[in-house]
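J.: Sharing a structure with you now.
Read the figures in this text as sums done on the coordinates, not as results from a lab. Note that the structure is a prediction, hence the values are computed from the model and not measured. Cβ coordinates were reconstructed from backbone atoms using ideal geometry, including for glycine residues, and neighbour counts include every protein chain displayed.
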Amino acid sequence: MRRTLVAGVAAVILGAGWFFTPSGGRMLLHLVDDSHPRSSFEACPTADAVVVLSGDGPARLRGHRRLPLRRSEAGLILVENGRAPWLVLTNGGVEGDQSRAVAIRDGIPESSIEVVGPAANTDDEARLVVRTAITRHWRRLILVTSGYHIIRATKLLASQAERSGARIEIADFVADSGQFFNKLEPAREYSPNALGLGLTLRATRELIGELGI
């Protein structure tokens, strides 16, 4: 009986420890990410502005882009394809300013680009975007972010709009470079470490946000 109990406790500990490894954290993040469908640039509806959330790196010039695209690169393409006349970039550090410079070099008019910030988190981004939308009388937005982040981000943006008394329609567009899905060498990939914990916490935060807990 005692051996069975010890074996059960050990199994639980080992199972929990798995989610402190990059492999375990990535598995959770994949589950969240894969739950949201992808859309093509052509199928994306038109809107007043394309809003790109920070967190995936600044856009690269056209000749240096490789699939999968970063959020900022997908946002540029949406504007270039006529999905919206405005490009809004959030500045989580300097990412927004860097993407703005690339957008201008790619031919998007400087007068059609809005960089909002500083933004320390998605709540800040939602508040700044809604404030800008109200100022410019925008009613429809295309929100560009990662698949694992899209539902929570959309809910935060919609909630902020409601609190502000604004009627804003939000269409989402998934784009992500996959930076959190690149595997490490086996010794680090399957060992508990800070990266594994970070990935698990990221996935958990998104799940909690989706469920509204």
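J.: Please compute the Cα-Cα pair-distance distribution of the range 2-211 with 10 Å bins starting at 0, giving whole percents from short to long.
T.: Going from the shortest bin to the longest, the percentages are 9, 32, 32, 16, 7, 3, 1, 0.
J.: Okay, moving on. Residue by residue through the range 53-65, which ³J(HN,Hα) values in whole Hz follow from phi under the Karplus form 6.51 cos²θ - 1.76 cosθ + 1.60 (θ = phi - 60°), with glycine and proline marked x?
T.: 7, 6, x, 10, x, x, 5, 9, 4, 3, x, 10, 7
J.: What is the pair-distance distribution P(r) of the range 63-136, computed from all Cα-Cα distances in 10 Å bins starting at 0, with each bin given as a whole percent?
T.: Once binned at 10 Å, the Cα pair distances of the range 63-136 give 19, 51, 28, 2.
J.: Would you give the gap between the C-alpha center of the range 74-120 and the C-alpha center of the range 147-212, rounded to a whole Å?
T.: One Cα centre to the other: 21 Å.
J.: Between beta-carbons, use under 14 Å as the cut-off and find the net charge around P109, counting Lys and Arg +1, Asp and Glu -1.
T.: Net charge around P109: -2.
J.: Still on this structure, please answer the following. Could you size up the charge dipole of the range 2-211 around its Cα centre, putting +1 on the beta carbon of Lys and Arg and -1 on that of Asp and Glu, and report it in debye to the nearest 20?
T.: Around 380 debye, computed over the range 2-211.
J.: Divide, for the range 137-213, the radius of gyration over alpha carbons by 2.2 N^0.38 Å, where N is the residue count.
T.: 1.42
J.: Still on this structure, please answer the following. Taking amide hydrogens as modeled 1.01 Å from N in the peptide plane, which residues meet the under 5 Å criterion relative to T145, leaving out close sequence neighbours?
T.: F173, A175
J.: Please list, in order along the range 125-130, the HN-Hα scalar couplings obtained from phi with the Karplus expression 6.51 cos²θ - 1.76 cosθ + 1.60 (θ = phi - 60°), rounded to whole Hz, x for Gly and Pro.
T.: Per residue, the Karplus-derived 3J(HN,Hα) values read 4, 4, 4, 5, 5, 5 Hz.
J.: Express the relative contact order of the chain as a whole percentage, based on alpha carbon pairs under 8 Å and six or more residues apart in sequence.
T.: Here the relative contact order equals 32 percent.
J.: Go ahead and set up a Gaussian network model of the chain, Cα springs under 10 Å, then flag whichever of H149, H36, H137 fluctuates most.
T.: Looking only at H149, H36, H137, the largest GNM fluctuation is found for H137.
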